[in-house]
Amino acid sequence: MAREPKQYEDDDGRTVCDMDVEGMPWHDKRVRREERQRARAELMERAARGEALTRKETIRYTFYAVLGALAAAGFVGGGLVLFIFIFWLIWKLKNGT
């Protein structure tokens, strides 16, 4: 659910300066979205024809897979360390050390 823009009493709706400048990251997101969709469609089309990925694509997908696995392992490892630390504190308080 999108929020409606805030309305001010002194706002008459006129634009003083257009901030949609070419070259800025926020400029015309539609073009970048269409380029990404076109690249994905091309990749899916090549996969449907049975063509292999290029070397660059293989490296990129392998990197992201390894990065995702490392992130998941980091979360699990961090949770385990936190779990052990909390129970160590409970043990320490129980024994009065």
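Bear in mind these aren't lab numbers, they're just calculated from the coordinates by the rules spelled out. Since this is a predicted model, take the numbers as computed values, not measurements. Cβ coordinates were reconstructed from backbone atoms using ideal geometry, including for glycine residues, and neighbour counts include every protein chain displayed.
For the stretch 52-65, 3J(HN,Hα) computed residue by residue from phi via the Karplus equation (6.51, -1.76, 1.60; θ = phi - 60°) reads 7, 6, 6, 4, 4, 5, 4, 5, 5, 5, 5, 4, 5, 5 Hz, glycine and proline entered as x. Shape of the stretch 29-95 from the C-alpha gyration tensor: prolate (a/c of 1.5 or more and a/b above b/c, with a ≥ b ≥ c the square roots of its eigenvalues). 3J(HN,Hα) along the stretch 88-95: 5, 5, 4, 4, 5, 5, 5, 7 Hz, from the Karplus curve 6.51 cos²θ - 1.76 cosθ + 1.60 with θ = phi - 60°, whole Hz, x for Gly and Pro. Within the shell defined by Cβ-Cβ distances under 14 Å, the residues around L53 carry a net charge of +2, with Lys and Arg each +1 and Asp and Glu each -1. For the stretch 11-22, 3J(HN,Hα) computed residue by residue from phi via the Karplus equation (6.51, -1.76, 1.60; θ = phi - 60°) reads 8, 9, x, 6, 9, 7, 8, 6, 8, 7, 8, 5 Hz, glycine and proline entered as x.
How would you classify the stretch 6-49 from its alpha-carbon gyration tensor, with a ≥ b ≥ c the square roots of the eigenvalues: rounded for a/c under 1.5, else prolate if a/b is greater than b/c, otherwise oblate? Prolate is the answer for the stretch 6-49, as a/c is 1.5 or above and a/b outweighs b/c. Nearest 10 degrees, 0 to 90: what angle lies between the long axis of helix 29-49 and the longest principal axis of the chain (Cα atoms)? Tilt of helix 29-49: around 70 degrees.
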